[in-house]
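The values are calculated or read from the model by the stated rules, or taken from the named source; none is laboratory data. Source: prediction; values computed, not measured. Note that we place each Cβ from the backbone using ideal geometry, even for glycine, and neighbour counts take in every protein chain shown. Keep in mind that these areas ignore ligands, DNA and RNA; they rest on the heavy atoms of the full protein, side chains included. Shrake-Rupley method; radii C 1.70, N 1.55, O 1.52, S 1.80 Å.
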Amino acid sequence: GCSDGNCIIWDFETRGIAKELHDKDCVAAITSVCWSKYGHRILVSAADKSLTLWDVVSGEKIMRTVLQQTPLQARLHPGSPTPSLCLACPLSSAPIIVDLNTGSTVVLPVSIPDSNPGLVPLSRNKISEGTPPFSPTAACFNKYGDLIYAGNSKGEILVIDYKSVQVRAVVPISGGSVIKNIVFSRNGQYLLTNSNDRTIRIYENLLPLKDGLKTLDDLNETLDGTDGIEKLKAVGSKCLTLFREFQDAITKMHWKAPCFSGDGEWVIGGSASKGEHKIYIWDRAGHLVKILEGPKEALIDLVWHPVHPIVVSVSLTGLVYIWAKDYTENWSAFAPDFKELEENEEYVEREDEFDLIPETEKVKGSDINEDDEVDIVTVEKDSAFSDSDMSQEELCFLPAIPSPDVPDQQDKCIESSSKLVDSNSGSPISEEGTPNGCAIDHASSPLEVQRRGCWSNTLEKKTEAFREGVGVSGLEVSNTAEMTTVDAARYDHSLAS
C-alpha cells in the first residue's frame, strides 16, 4: 500500500510489478492490506477512513465503504472464498465487524461489564458519542473465522463470538499492560501478543481448529457452579495457555509488528526505536538466534514468507527490504558422484578408465515410456502454500498486461526527414537534410529506405560534376546508367586530391 492511496502487487519471483490498483476516490495513505483466503480479492484500509475491496485478476473495485474512524488494520473473514465480512481495528474505538455488502457495522466489546457478563448491547452503524477515548485495540480472527480474539487496554485477551456479540472467555495476561498486537500462527496452533510491558508472549491454542465455538458451549455447561467474570476466566484457562515469553532484558525495547514464521517454528519482532532497523529472530524454545541490522531507518511493518526463510520489512522512508539467507555455491550439487577435496590426494586410474567403451560400464534400459505425452500445462498444487481443506482453486498467477509501446526513435527520424523533404523539395536544404541528400519514399515501410533512389541521386550529382569538368576533362556521360564504377572512383579520387 502506497502513501498516495494506490496499491502495487509485485511478482516475487521476477521482482516485477504484476498489477497496479489505482483508486481515484482515495488519495490518503494506505494503513493495511489483506489477501482473501484464495487470493482472488484484496481488502485495503486507508487513512481517509475508507475500506476498499478489490478484484485482483481484473483490477476492478468491488466495493468501497467509509467508517467513522480511521482503520489501522482490516482483516477479511478467513473462512469464505468470497468474504463479505471483515474485522477492522479503528484508531480510537473498539474493533468492529463490517458487512462489505451492506456497509453496516457492529461494535465488539472490549471489556467485561460488572452485571450480566458477556451480554453486551448491540451497537450498529454508529459509535456512541461521549465515551472515553480508546487506546488502539488489537483483534484477529482464528484460523477458520468462527471466533475473534481481541486484546484490550487492561491486559486481557477476550474470546468473542462475533455473531452474537458476546464474550465467551477471558484470558488475563501477567502485568496487565495494553496489548498492541495479536496474531495467530498460520496453522492456528499458537497465538502471539505484544504488550506495552515490552514483552512478546506466545500462547498455545487449546481449542480445536474447527468447531471452537461448540467446544466453548460445552465448557460453559460444565462450569455451571461459577458465574460472572470468574466463569469466563475459568473457560479462558481451557482456551489458551502461556507457552513462552520473549523480551530484551538489556535494552528493554518496545517491539513492532511481531509475527510467526510460515511453519510457526520461529518468531520475529522489529525494534520500535526510532532511527534503527533491527529485526530479532527467536526460535520457539525462547533462544535469540539472530539479529538483522538494516539501515538507519525506523521499521514500520514486518512479514515472513509463508514457505521460504525470507523476511520482508518496510521502513519509514517507504523502502521495502527483502532479507534472505546468503547461499554459497556447492559444486557437489551438479554431479551425484562429485566429491569435494580439502587437499590433493593421489589417484590411481583404472585399467579401462580411458577406453572408448569401458568394460565396467553397463548400459541400463530406461523405464520411461518415450511415447507418452508430457503435460507441461497443468500446474500442480503446492501443498506448502495451501491449506489441506481448500476446496476452491486459488489464485496462483496473474496474467501479464503489456504496456503500450513507445514510438521508436527511428520512426520519428524518418517522419521528420520526410516532412523536411516535402516542405523543401528541390532546394539545397532538402538535399542536405537527409542522408546522402536522398528523399525517402512514404509508400515504403518506415524501416526500409529506398537505396535505389539514393544511388540514383548520387550518380546524378557525380554526373553533373563530370559535365562541369571537376573530374577528368573531356569525359562525356550521356545518362546515369552509362556511368561506371571506375568513373565514380576516378571522381572520388579527384575530389580527395
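General observations
- Filter pass, Ser80 being open to solvent by less than 40 Å² (accessible area, probe 1.4 Å), in a loop (DSSP other than H, G, I, E, B), among the hydroxyl-bearing types (Ser, Thr, Tyr) and modelled with pLDDT under 90: yes
- Residue check for Gly269: assigned to a loop (DSSP other than H, G, I, E, B), in the same structural domain as Ile300 (by the TED database) and within 30 Å of Ile322 (Cβ to Cβ): no
- Among the residues here, His277 does not qualify as open to solvent by 50 Å² or more (accessible area, probe 1.4 Å), touching a Lys or Arg at 6+ places or on another chain (Cβ under 8 Å) and closer than 19 Å to Arg198 by Cα.
- Filtered residue count, the range 1-27, keeping only those that are open to solvent by 10 Å² or more (accessible area, probe 1.4 Å) and touching a Ser or Thr at 6+ places or on another chain (Cβ under 8 Å): 3
- Among the candidates Arg41, Arg75, residue that is within 23 Å of Ile148 (Cβ to Cβ) and touching a residue at least 60 places away in the same chain (Cβ under 8 Å): Arg75
- Odd one out for Arg64 among (1) in a strand (DSSP E or B); (2) closer than 27 Å to Gly188 by Cβ: (2)
- The selection criterion, being closer than 24 Å to Thr317 by Cα and charged (D, E, K, R), holds for Asp4.
- Complete set of residues in the range 153-162 that are open to solvent by 10 Å² or more (accessible area, probe 1.4 Å) and over 16 Å from Leu213 (Cβ atoms): Ser153, Lys154, Glu156
- Consider the range 294-326 and keep the residues that are among the acidic types (Asp, Glu) and surrounded by 11 or more Cβ atoms within 10 Å (Cβ to Cβ). The one that is farthest from Cys259 (Cα to Cα) is Glu297.
- Matching residues, the range 327-346, being open to solvent by less than 80 Å² (accessible area, probe 1.4 Å) and either aromatic (Phe, Trp, Tyr) or touching a residue at least 12 places away in the same chain (Cβ under 8 Å) (or both): none
- Selection count, the range 265-282, where residues are small (Gly, Ala, Ser) and in contact with a strand residue (DSSP E or B) (Cβ under 6 Å, 6 or more places away or on another chain): 4
- Filter pass, Gly270 being touching a Leu at 6+ places or on another chain (Cβ under 6 Å) and modelled with pLDDT of 90 or more: yes
- Among residues of the range 27-58, those that are of a type outside the set (S, T, N, Q) and assigned to a strand (DSSP E or B), counted: 13
- The residue of the range 235-260 that is most open to solvent (accessible area, probe 1.4 Å), among those that are over 15 Å from Asp197 (Cα atoms) and not in a strand (DSSP E or B), is Lys238.
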